[in-house]
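What follows is a set of notes on a single structure, which appears directly below.
No lab work stands behind these numbers, since they all come straight from the coordinates. Model, not experiment: these values are computed from the prediction. Virtual Cβ from ideal backbone geometry, glycine too; neighbours counted across all protein chains shown.
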Amino acid sequence: MVELKVNGAVRQVDAAPETPLLYVLREDLQLNGAKFGCGLGQCGACTVAIDGAPAFSCLLPVGLLAGREITTVEGLGSPDKPGPLQQAFIDEQAAQCGYCIAGMVMRAHTLLARNPSPTDDEILEHMSPNLCRCGAHMRIVAAIRRASSRKEASRSQRGAL
């Protein structure tokens, strides 16, 4: 048995410690946002956040993750109530085929958590490990920029109150 904290909930899974997190998320926990792309940590389709940092879940054995905070795209919102970053991706129509999008959203989430107002260069650099074969990169950057401006607007409104 392995105990994992996923999206704020502690979950027990019957998995060998060397099992990749991606398999546990998809098969045991039914969290299917993260996708199997390359299995080598080269495409980013499987990106999740571990303690706030982006990580390729296809490479991470669950035995190393006890006590760590794992966040998946499902932890940011739902189809009925998407989170602000997810809504920005929807508004900018940043998904074409959609295969890479959960990983893109999670990598963007980790960027905005540590830098709420990134420049375009910072966005491009941070997002570079994740690939989009459809070529939706500019819409993805626009979505991140939109989410960033929403955070800034929200902060400004709170400060004005």
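Worth a mention:
- Degrees between helix 101-114 axis and first principal axis of the chain (Cα, 0 to 90, nearest 10): 70 degrees
- With the largest listed first and rounded to whole Å, the semi-axes of the equivalent ellipsoid of the chain from the Cα gyration tensor are 27, 18, 13.
- Computed packing ranks the peptides 37-44, 112-119 as 37-44, 112-119, most packed first, by mean other Cβ atoms within 10 Å.
- Between helix 137-160 and the chain there is an angle of about 70 degrees, using the helix long axis and the longest principal axis of the Cα atoms.
- Distant-in-sequence amide H partners of residue 69 (H built 1.01 Å from N, under 5 Å): 51
- Label point distance in nm, residue 13-residue 122, each placed 7 Å from Cα along Cα→Cβ: 3.2 nm
- Residues with amide H under 5 Å from that of residue 31, placed H, sequence gap 5 or more: 26
- At full extension, residue 69 and residue 97 could sit 7.2 nm farther apart than now, given 0.36 nm per residue minus the alpha carbon distance.
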